[in-house]
1. Within the P(r) computed for segment A:196-297, what percentage of the Cα pairs occupies the region above 21 Å?
2. To the nearest 10 degrees, how steep is helix A:53-76 against the longest Cα principal axis of chain A, on a 0 to 90 scale?
3. For A:Val285 and A:Arg508 in the same chain, what is the full-extension length gain: residue separation times 0.36 nm, less their Cα-Cα distance, in nm?
4. Can you tell me the FRET efficiency between B:Glu89 and A:Val475 if r is taken as the Cβ-Cβ distance and R0 is 30 Å, rounded to the nearest 0.05?
5. If eta is 1.567 mPa s and T is 4 °C, what Stokes-Einstein diffusion coefficient results for segment A:34-122, Kirkwood Rh from Cα pairs, in µm²/s?
6. Provide the gained length on full extension for the span A:Gln195 to A:Trp246, in nm with one decimal, where the gain is 0.36 nm per separating residue minus the Cα-Cα distance.
7. Over all pairs of distinct alpha carbons, what does the Kirkwood formula give as the hydrodynamic radius of segment A:459-554, in Å?
8. Run the quick spin-label model on B:Ala141 and A:Met392: label points 7 Å from Cα toward the beta carbon, then report their separation in nm to one decimal.
Amino acid sequence: MLTAILTIVLIVGGAAALSWPLGKYMSALFSGRFARADGLFTRAIGGSPAQDWKQYSIALMAFNALMFVFVFAILALQHALPLNPDGQSAAPLDLVFNTAASFTTNTNLQHYSGESTWSYLAQLGGLMWLQFVSAATGIAALAALARGIGGQKDGGASMGNFFLDVQRAAFCVLLPLAIVVAAVIALAGVPMTLQGAAQVTTLEGVAQTIARGPAAAFVAIKQLGTNGGGFFGPNSTHPLENPDFWANGFEMIAILLIPMACVWMFGRMVGRMKHAGVVFGVMLVFLLVKIGGAVGFETAPTQAFAALPVMEKVGNLEGKELRLGATTGPLWAVLTTSTSNGSVGAMHDSLNPMTGLMPMAGMWLNATFGGVGVGMINMFLYIVVAVFIAGMMVGRTPEYLGHKVEGREMRLAVLALFSHALLILGGTALFAATAWGQDALNNVGAHGFSEILYEFSSAGANNGSGFEGLGDGTVPWNIATGIVMLIGRYLPIIIPLAIVGSLMAKRRSAESAGTLSVEGGTFGVMLVITIVIFGALTFMPAAALGPVAEHLTLMP
Amino acid sequence: MTYLLPSIRLWLVTLLVCVVGYVALMLAFAQTAAPWRADGSIIMRDGQAVGSELVVQNFTAPEYFWPRPSAADYDGMGAAGSNWSPTSENLAARAAETVARYGATADNPIPADLVAASGGGLDPHISLDGALYQAGRVAEARGLTEAEVRDLVTSLAHAPGGVFAPEPIVNVLQLNLALDRTGA
């Protein structure tokens, strides 16, 4: 109990403390305070004209389309390209589609094992490149949103320049942090080599082949950019991807760091740090509740061992790594799904039933810190809904930071929030009812349903973790989750930009005594209620059929 | 063209900096600062590569300590967990096999980590309890006293995360290498 609390305080507290200066720096960066770097970046792309919300969105979509096409080509042609020391063969095209969609959308759902599927060129030049630019896309979108809400001094409609913002995010935020993280974990034991697999003869005389490769560089950006795609199949449970307790703790902080900093960056850019404080607090409350639930439920021993002479001291150990300590499994599960990261430090499929509900809830809300940039954007949608409802309740025109929130903005926000639920629940229903889903299950009964529900939650939330027992490397799964990831990525980015574009077109009013303050506890409570009603209640029936049913029927 | 040209230039510049530059830098750093780690922590004995310090290998002979069960069958190229629910009957059946292999009884219950498969199937460690549980068998097979073996085990045990993760663990490969060095 005490060690669990100490670990949680170390990781969450450490990340929160570091997020403050980082948020300050990011705000300065995206406000154009580094003129020399901006000049260099502008020259690299041949000019950086101001873009309104439509132009910014088109630029974002154009570059993301190019990302997808380029990586699709690299993955599809890897067998004919260099840097393939282990002789990986051509991958099926449905898997190539799924993987390209997955990494372009910052999801990193992996229907493959890296060490036996992709060449080093595919991993580095394709997937790792996307881990940088997809994360930069999310941060850029938040910068644009914040500029729009903060308001242009000249009353113009500019949201900045997408191509400039991506370079700021990639070169000035992600890259320096990735270098630090990669250096630390390389010292701890994550391989960084271009040699192929190592051949050894074990002490008992058996040949063993050990996959390795340029993993340290890959793992660092995987954690920082809320990507989550592992170099090796079982992600951060693999000892070469996560070699010891301290590297593990360092990586958990890396998972939380930028999503947390994004809240402060937003607050500074709109000039409302008290508001950002309330939002940060609300996100933190949800995060801690989920951590408490997960760590608590995971102290129950493995139920399957109950009738056997097994001595269980530290809770359920199936799917866990001893060097990472007893708290890491459930803690990491919550961090990685609260932030849309999707790397795993224990096998989520083997978590106790109610523990497994916590990561699912994280993906359903998708805004309790959320993905880099996009987590705060999702929270913006909840904020719009919250101020609208609050305004209606007290009978005043709802306003957010001086912008009138009316029917049009509200309709767009609800569309974005409900599309998330529709993608997850619709996909789950379709696959649970057909052989596509039923034939892929690794567990029976309620837990089998949870596997399908988890997979669509992960795709819809652009998370990327999984109940990995699911046999999801099939054509229907690859195509369906590929489509869900693409819609689940771009709707919740474009719609908020459209909302802000709509807000910017109206005359800004001064805040008066009648305006609902977005800086106090009342607003915080209102926001919590909105998130619970919109984000969580929608998924209650599905949760009852999966983890809750399993818990009630099979746990003592 | 307004969007295509800058997209292509952005593609080139990010690829150059974030992939070529970054990978070259990290390769240079890791291969200079920690070359043995960078190449996979491969342990050599008498000029022979016998394994990675960080990756488990299977042991079945009685004179060696045995690792945790592996859903990947200890395959360094195909790491995986069982992905069975803790309530799964398959898991109960696999655990029963392990219990039988160790001959565990209600009076002498087996530590859980020896029965539970790890996440990646390549966990290089067992718990100190799990190692001590096997000390009798190993001592008998090697003609050592149980006390000697227990001392060796204890000397190699460490808490992985200090106060944050105090349950002591032992690296199976290092323990077995140390056993071989005793000459027994």
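Since every read-out is calculated from the coordinates, none of them should be taken as a lab result. Keep in mind the model is a prediction, meaning the values are calculated, not measured. Cβ sites come from the backbone with ideal geometry, for glycine too, and all protein chains shown count toward neighbours.
1. When all Cα pairs of segment A:196-297 are counted, 55 percent exceed 21 Å.
2. Once rounded, one gets 20 degrees.
3. Full-extension gain reported as 77.1 nm.
4. So, using R0 = 30 Å, E works out to roughly 0.50.
5. 85 µm²/s
6. Separation in residues times 0.36 nm, less the Cα-Cα distance, equals 15.7 nm.
7. 17.8 Å
8. 7.0 nm
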